[in-house]
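Q: Dropping a structure here in structure tokens format, bear with me for questions.
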Amino acid sequence: MKVITIVLCGVILNSCAAFSRINMFTIDDERRLGRDIAIEIERTVQISSRADSISAYVDSLGIAIVNRCNLSKYQFIFKVIESDDVNAFAIPAGGIYINKGLVDFVDTSDQLVGVIMHEIGHVMRRHGTRALTRAYGVSCIIELGLNGVNEDKYYRGVAEVAAMLTGQLTMMKYSRSAEQESDHYAVDQMMKAGYEPTAYADFIKKLISIKTKNSRVMNIFSTHPEMGDRLDRVNEQIESQE
């Protein structure tokens, strides 16, 4: 794997709209970074046992989605966090984390499928590393790879980067276009895989109706603006593809 160097890209590049789509991470870099970030995350949160019924349920849904959608680019892993907060997030290269509070919050399994599909969309569109490139590419140098690099030094360096970025990734504020991409991905894949896409619209509608009344409805959409606009776009997509 080649050494990636994220260097000063220049004020002009950073100000360009196209910069938001630039990704300085290769797929191999992304996979390796994702593994190390997962280690850091799981040091700070309590992950449900695989034997737990909710964990097994989420894992079975995730595996079914991967199989139905023929997702082979990344190795997806689905884990449940012991938290009552209504939240979910994805990390680069296929780690999907779902809070128990979210599982309790949804009304149907297809609503949960919609949320998982949305998070998978962030992974497939590489929004995490694109956001990191945008946020840190102008000020940081990150080396990933073993070509000419001592392996111990590599792991120490990546662990430090993962520790520094964990908070950023678990509360990632994606751009409006990234959220729209993931919404579109979720609806499109749900329809192709035989799930009911209106369930995803119902989930968004439920969040809109109660998020101001319930402090447990946290990061999954509370940090995302224009929820009404996103709901309209999801409904329009469903109508156009039926």
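Q: Starting with the highest mean, order 81-88, 182-189 by the number of other Cβ atoms within 10 Å, averaged over the residues of each peptide.
A: Listed from highest to lowest mean packing, they are 182-189, 81-88.
Q: Suppose R0 equals 45 Å. What FRET efficiency, 1/(1 + (r/R0)^6) with r the Cβ-Cβ distance, do residue 26 and residue 205 give to the nearest 0.05?
A: Efficiency at R0 = 45 Å is approximately 0.70.
Q: How long is the gain from residue 75 to residue 177 if the chain were fully straight, where each residue apart is worth 0.36 nm and the alpha carbon distance is subtracted?
A: Extra length from residue 75 to residue 177 when fully extended: 34.2 nm.
Q: Then there is this: From the square roots a ≥ b ≥ c of the eigenvalues of the alpha-carbon gyration tensor of the stretch 30-131, which class results: rounded (a/c under 1.5), prolate (a/b over b/c), or oblate?
A: oblate
Q: Can I ask one more? With θ set to phi - 60°, apply the Karplus curve 6.51 cos²θ - 1.76 cosθ + 1.60 along the stretch 100-112 and write out the HN-Hα couplings as whole Hz, x wherever there is a Gly or Pro.
A: 4, x, 6, 4, 5, 6, 5, 8, 9, 5, 5, 5, 5
Q: Further question: Of the peptides 26-39, 93-106, how do they stack up when ordered by the mean number of other Cβ atoms within 10 Å, highest first?
A: Highest to lowest by the protection proxy: 93-106, 26-39.
Q: Right, next: I need the peptides 67-77, 194-204 ranked by packing, meaning the mean over residues of other C-beta atoms within 10 angstrom, with the highest value on top.
A: 194-204, 67-77
A short reminder: the numbers here are calculations on the coordinates, not readings from a lab. Everything numeric in this text was worked out from a predicted model, so none of it was measured. Ideal geometry is used to build each Cβ from the backbone, glycine not excepted, and the neighbour counts take in all protein chains shown.
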